[in-house]
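I have placed the structure first, in the form of structure tokens, so that the comments after it can refer back to it.
The values are calculated or read from the model by the stated rules, or taken from the named source; none is laboratory data. This is a predicted model, so every value here is computed, not measured. In this analysis, Cβ positions are derived from the backbone assuming ideal geometry, glycine residues included, and neighbour counts consider all displayed protein chains.
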Amino acid sequence: MLSKSGSREDSLDQSKKRKKFRYIVGTSFVLFISILIYLVVVPTPVKVDAVKVQKGEFQNKIKVDGILRAKDRYIVPAFGEGDIKRVAMKVGDSVKKGQAVTELFWSGEYLPVKSPIDGVVSKVFRESAGPIHRGEPLVEVVDPKKIEIMAELLTTDAIQVDIGDEVFGEGWGGEGVLKGNVVRVSKAGFIKPSALGVEEEKTEVIADISGAPPGILSKLGSNFHLVVTIEVEKIQNVLKLPIGAIFRSGKNWSVFKIIKSRAVETPITIKFKSSEEVVVKKGLSENDEVIIYPGDLVRDGTRVRIK
């Protein structure tokens, strides 16, 4: 038989075990609730792309859609007042010098209206037969073998371009780059609506082609599309960032600098800006990490994690 003292000791041991069990359960519950509250209250870090501020060469470039355009363009007009036959030629038709584009009844007989050059019809101003006035345009003929690069720039961009600046043409439908140099910046501006319907002040910048991939120029023609890049300036040993890292904050430019895994909105001063990069004058130091293309989830103070 167990003694009374043994029974009391067993009871004490069981009581201690129950207290210990309740302590462990209580502690685990508190820990679970704490973790749950942390997960609810503290947001998951936003995954971001980041770049370091680096020193290097800044190439101030202007990038814009452009076209290849024939240097020589001739308007073929009616040489007298009379009646013309229907103009059967279409845009893209080849013509030889002296070939008739139509016939004009003048001074009692039909006489040919001739093309002044070997070339291609680029515009048809008048197709139908009937009466016509002297000098009225019929077709435009261009020489596709003599082409130049033409881009319409905002006047605020064109003011930066100088004669001789290097020009590169891409996106014409194949591999390789057309190379050239600016030969003329038009001083005659014009107003043209943008894709969003906003009226913009523009002017033409013309470049001669000095280099092209073998055999390509024979395949290209007037009014063919390409993407034009004009290199207007090179600056050495400057702090620079991709254009995707900056954003407007009120009237100023800012970036999100990463400090202790948080996005910190940091105002900066920009010295130069191209379509691809910016030169930072003030607000950042070399090797600072900044977020590129931050998105709507990133705010000042947001916890972030670099992808």
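Among the residues that make up the stretch 126-134, is at least one of them closer than 23 Å to GLY221 by Cβ, within 37 Å of the chain's Cα centre (by Cα) and modelled with pLDDT under 95?
Looking through the stretch 126-134, none of the residues is closer than 23 Å to GLY221 by Cβ, within 37 Å of the chain's Cα centre (by Cα) and modelled with pLDDT under 95.
If you go through the stretch 145-165 one residue at a time, do you hit one that is hydroxyl-bearing (Ser, Thr, Tyr), in a loop (DSSP other than H, G, I, E, B) and touching a residue at least 24 places away in the same chain (Cβ under 8 Å)?
No, the stretch 145-165 contains no residue that is hydroxyl-bearing (Ser, Thr, Tyr), in a loop (DSSP other than H, G, I, E, B) and touching a residue at least 24 places away in the same chain (Cβ under 8 Å).
For residues in the stretch 89-109 being part of a loop (DSSP other than H, G, I, E, B) and touching a residue at least 24 places away in the same chain (Cβ under 8 Å), which is farthest from LEU138 (Cα to Cα)?
In this case the residue turns out to be SER107.
Residues that are outside the structural domain of GLY174 (by TED's automatic domain parsing), surrounded by 12 or more Cβ atoms within 10 Å (Cβ to Cβ) and not aliphatic (A, V, I, L, M), at least 2 per element: which strands (runs of 3 or more DSSP E) completely within the stretch 207-307 meet that?
Counting at least 2 such residues, we get 224-242, 247-249, 252-259, 262-273, 277-282.
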